[in-house]
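As structure tokens, the structure follows; a few thoughts come after it.
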Amino acid sequence: GAAYGGGGGKGSPRALRRAEFARLGGMTYLDHAGATLFPQSLLKAFTEDLSANIYGNPHSQSISSKLTYDTIEHIRYRLLQHFNTTVEDYTVIFTSGCTAALRLIAEAFPWVPGSPEEPGSCFCYLTDSHTSVVGMRGITATMNVLTVPLKPAEMVPQAEEVGAEEPSCQTPHLFCYPAQSNFSGTKYPLEWIKEIKSGKLHPINVPGKWFVLLDAASYVSTSPLDLSVHQADFVPLSFYKMFGFPTGLGALLVKNEIASHLRKTYFGGGTAAAYLAGEDLYLPRRSIAERCLLHILCEQNMPSAGGKRSRTEVEDPTHELGW
């Protein structure tokens, strides 16, 4: 009935379809795991915002640059709020999408290479993972890191083997799994995060410290994710799967306790505090978020992620952020 959103009145699914998705016509669209549809109001607000404001390079010093910088910080805060967490627990790194976030993790994770004398880090992933997760093994292989694919049925408590673990060993290992499979739609237990990090669940029985990468790109398009409860170390996202627009923009949420250990070597696009072209001198920006943020992602795309602000808000330092 109408109490449950039925009928065709204002606020009903039918009215929403007419107002926001009239372009569908008589089509039934079901591919939300691949890409959700953007509402017409989002595209309209985005184009109006770009027509009314000037977004400059966030690393410059000007009113337009400040507008971009403040918009980025505004969206960063709202993104953490959306997942029920704060800057005290997570750092937001903006990327070109989930795939770029996964590549960043593969390159920057503090892997310990294996040697004949001592075993090194392990990279484990569920076989039901996205192509971009499996592709991380191409990078880890060059670092002499052991890669172990696991079937979902193999993810069971290994109580009899827990005693084999050496509590003093801090060799970092990474386990990746999707909150929701892109292929089958299967939703895997979010409780695995806590169980793996606490040692109750072992992807494989090796001494060391396990970190968990939760591929949430497909899951968050239709389901809420509470990071105050399910505290994965890495959570990659693509905004087009959440909002339908824009493509080419996403984020990586990183637990602060591991963020400071990421080893990013490439710098560019305003991510360096200082460097010399003629000498091997490079000073990174203070935070990992600043070291990884390329301004080319932000000037045109960031306003579409929901951080619209006016020039008046930027020029008036007493004006607070509005939601």
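The values are calculated or read from the model by the stated rules, or taken from the named source; none is laboratory data. Computed from a predicted structure; not experimentally measured. Here Cβ is always computed from backbone atoms with ideal geometry, including for glycine, and neighbour counts include all displayed protein chains. Note: accessible area is taken over every heavy atom of the protein model, side chains too, but ligands, DNA and RNA are not part of it. Shrake-Rupley method; radii C 1.70, N 1.55, O 1.52, S 1.80 Å.
For the reader, a short list of remarks on this structure follows.
- Among the residues making up segment 201-237, those that are under 20 Å from Phe109 (Cα atoms), open to solvent by less than 30 Å² (accessible area, probe 1.4 Å) and not in a loop (DSSP other than H, G, I, E, B) are Trp210, Phe211, Val212, Leu213, Leu214, Asp215, Phe234, Val235, Pro236, Leu237.
- Residues located in segment 129-143, provided they are among the polar types (S, T, N, Q) and open to solvent by 30 Å² or more (accessible area, probe 1.4 Å): Thr131, Thr142
- Selection status of Ala251, in a loop (DSSP other than H, G, I, E, B) and touching a residue at least 60 places away in the same chain (Cβ under 8 Å): no
- Filtered residues of segment 210-245 (kept if more than 22 Å from Thr86 (Cβ to Cβ) and without any contact (Cβ under 8 Å) to a residue 60 or more places away in the chain): Trp210
- Entirely in segment 72-184, the helices (runs of 4 or more DSSP H) that have 3 or more residues that are hydrophobic (A, V, I, L, M, F, W, C) and at pLDDT below 95: 98-108
- Phe245 among the aromatic types (Phe, Trp, Tyr), modelled with pLDDT under 95 and either more than 17 Å from the chain's Cα centre (by Cα) or open to solvent by less than 50 Å² (accessible area, probe 1.4 Å) (or both): yes
- If the condition is being at pLDDT 85 or above and either among the aromatic types (Phe, Trp, Tyr) or not in a helix (DSSP H, G or I) (or both), then segment 31-55 contributes Thr36, Leu37, Phe38, Pro39, Phe46, Asn53, Ile54, Tyr55.
- Residues of segment 15-30 that turn out to be loosely packed, with under 15 Cβ neighbours inside 10 Å and assigned to a loop (DSSP other than H, G, I, E, B), as a count: 6
Listed here are the residues, each with its yes/no results for (1) out of contact with any strand residue (DSSP E or B) (no Cβ under 7 Å at 6 or more places or on another chain); (2) among the aliphatic types (A, V, I, L, M).
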{"site": "Leu201", "(1), (2)": "no, yes"}
{"site": "Ile204", "(1), (2)": "no, yes"}
{"site": "Trp210", "(1), (2)": "no, no"}
{"site": "Leu214", "(1), (2)": "no, yes"}
{"site": "Pro224", "(1), (2)": "yes, no"}
{"site": "Ser228", "(1), (2)": "yes, no"}
{"site": "Phe239", "(1), (2)": "no, no"}
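- Positions within segment 13-41 being within 24 Å of Gly97 (Cβ to Cβ) and charged (D, E, K, R), in sequence order: Glu20, Arg23, Asp31
- Residues satisfying the stated conditions in segment 124-156, i.e. among the hydrophobic types (A, V, I, L, M, F, W, C), touching a Cys at 6+ places or on another chain (Cβ under 8 Å) and farther than 13 Å from Ser181 by Cβ: Cys124, Met136, Val145, Leu146, Val148, Leu150
- Looking across segment 91-128, just one residue is buried (at least 23 other Cβ atoms within 10 Å of the Cβ), among the hydroxyl-bearing types (Ser, Thr, Tyr) and under 20 Å from Leu227 (Cβ atoms), and that is Thr95.
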